[in-house]
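Student: Please find one structure pasted underneath; my questions will follow.
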Amino acid sequence: MTSQLDQLKQYTTVVADTGDFRQMEEFAPQDATTNPSLILAAATKPEYKSIIDAVVADFKATDPAPAEHIGALMDKVIVAFGLEILKRVPGRVSSEVDARLSFDTEATVQKAREIMALYEAAGIPRERVLIKIASTWEGIQAAKQLEQEGIHCNLTLLFSLVQAVACAEAGVRLISPFVGRILDWYKKATGESYTAETDPGVISVRTIYNYYKKFGYGVQIMGASFRNTGEILALAGCDLLTISPNLLGELAATEQPVTPCLSVEAAKASDIERIPADEKNFRFLFNEDAMATEKTAEGIRKFSADIRKLEALLASML
């Protein structure tokens, strides 16, 4: 029998949730996604030092005041990793906008344009890049504008249906609902244990999937942030799943049968109802969801902290 990973690939596009190039080559995913934490982890590994060194050396040689333009250097490092990833996957790479801009629509739009310009200067077409943006109201509006410019977006730190609906109304290319972090919150809040079928993160993604397919939205859904393979297999049939190397390894080493758990036909037959996602309703419904508000804020803080650490690392090299 084939591995669970190979079986899963029959129903779902598998994405590598890592900045480690060797692991991408091992598991042969279609796409790859990164975030500041993954880039920071990769940047501190000796085997990737040459990439950082080359970017920093070029930056120092071409920028008359490199220490004053650390943000521009950050962008070049992020894109340098993205370019290496694109050599190893046939599809797309997701590169994240600075999380500290999560509540600034115009600054997010500008930063996304700058990142995309670096990819295009390196000969990469827009279709192979997704700009990752936090699913705040401001971030979603930035993504709406960017999509109209032909810059496709991956809306991350997404924990609720109203965030997903607002993204769909904005016409974004892809969303990344965070399964494991939802489970973390509920386990801490209730003290209960959950099976794959009762997992609140799994249920959240299934609800979003049913909503999108029932009402005909073309936005791709990529489940993310998994804690175990049970969550992954419970979402077999989702458009995409981004999976960490350790869980990819578990799936590759297991040969039990995998069956799809999501289908367009079942979604269309569901009784889910539309919800309004204009700004007033978005802010109210999002505020009503303690888990979503807390986990979104926590994610932005963590990514921002890792960006500052990466900036400090680069500044020390200058």
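Student: Count, please, the residues in the stretch 235-260 that happen to be farther than 17 Å from residue 1 by Cα and free of Cβ contacts under 8 Å to residues at least 40 places away in the same chain.
Tutor: Selection size over the stretch 235-260: 2.
Student: Next question, about the same structure. Taking the stretch 57-94 as the search range and keeping residues that are in contact with a Pro (Cβ under 8 Å, 6 or more places away or on another chain) and farther than 25 Å from residue 174 by Cβ, which one is surrounded by the most Cβ atoms within 10 Å (Cβ to Cβ)?
Tutor: 73
Student: Pick from 259, 229: which is over 28 Å from residue 38 (Cβ atoms) and not charged (D, E, K, R)?
Tutor: Testing whether each residue is over 28 Å from residue 38 (Cβ atoms) and not charged (D, E, K, R) leaves just 259.
Student: Further question on the same structure: Across the stretch 253-272, what is the number of residues that are part of a helix (DSSP H, G or I) and surrounded by 15 or more Cβ atoms within 10 Å (Cβ to Cβ)?
Tutor: The total comes to 2.
Student: Quick check: anything in the stretch 110-121 surrounded by fewer than 18 Cβ atoms within 10 Å (Cβ to Cβ), closer than 30 Å to residue 277 by Cα and not acidic (Asp, Glu)?
Tutor: yes
Student: Select from the stretch 273-288 the residues that are modelled with pLDDT of 95 or more and open to solvent by less than 40 Å² (accessible area, probe 1.4 Å) and list them in ascending order.
Tutor: Residues satisfying the conditions are 282, 286.
Student: Right, another one. Is it true that some residue in the stretch 279-295 is hydroxyl-bearing (Ser, Thr, Tyr), in a helix (DSSP H, G or I) and out of contact with any Pro (no Cβ under 9 Å at 6 or more places or on another chain)?
Tutor: Taking every residue of the stretch 279-295 in turn, at least one turns out to be hydroxyl-bearing (Ser, Thr, Tyr), in a helix (DSSP H, G or I) and out of contact with any Pro (no Cβ under 9 Å at 6 or more places or on another chain).
Student: Return yes or no: is residue 150 surrounded by fewer than 23 Cβ atoms within 10 Å (Cβ to Cβ), at positive phi and not in a helix (DSSP H, G or I)?
Tutor: yes
Student: Tell me, which residue of the stretch 204-244 that is polar (S, T, N, Q) and assigned to a loop (DSSP other than H, G, I, E, B) is farthest from residue 261 (Cα to Cα)?
Tutor: 244
Student: Determine whether the stretch 111-131 contains at least one residue that is at pLDDT 95 or above, within 19 Å of the chain's Cα centre (by Cα) and over 26 Å from residue 54 (Cα atoms).
Tutor: Checked the stretch 111-131: at least one residue is at pLDDT 95 or above, within 19 Å of the chain's Cα centre (by Cα) and over 26 Å from residue 54 (Cα atoms).
Student: Could you run through the stretch 25-40 and say how many residues are open to solvent by less than 60 Å² (accessible area, probe 1.4 Å), assigned to a helix (DSSP H, G or I) and modelled with pLDDT of 85 or more?
Tutor: Residues in the stretch 25-40 being open to solvent by less than 60 Å² (accessible area, probe 1.4 Å), assigned to a helix (DSSP H, G or I) and modelled with pLDDT of 85 or more: 1 in total.
Student: Which of the following residues is surrounded by 13 or more Cβ atoms within 10 Å (Cβ to Cβ) and either at pLDDT 90 or above or over 25 Å from residue 242 (Cβ atoms) (or both): 50, 102?
Tutor: 102
Student: Being under 20 Å from residue 278 (Cα atoms), β-branched (Val, Ile, Thr) and surrounded by fewer than 24 Cβ atoms within 10 Å (Cβ to Cβ) narrows it down to one residue among 172, 219; which is it?
Tutor: 219
The values are calculated or read from the model by the stated rules, or taken from the named source; none is laboratory data. The structure displayed is predicted, hence computed values, not measured ones. Quick reminder, even Gly has a Cβ in these numbers, built from the backbone with ideal geometry, and neighbours come from all protein chains shown. For accessibility, only protein heavy atoms count, side chains too; no ligands or nucleic acids. Shrake-Rupley method; radii C 1.70, N 1.55, O 1.52, S 1.80 Å.
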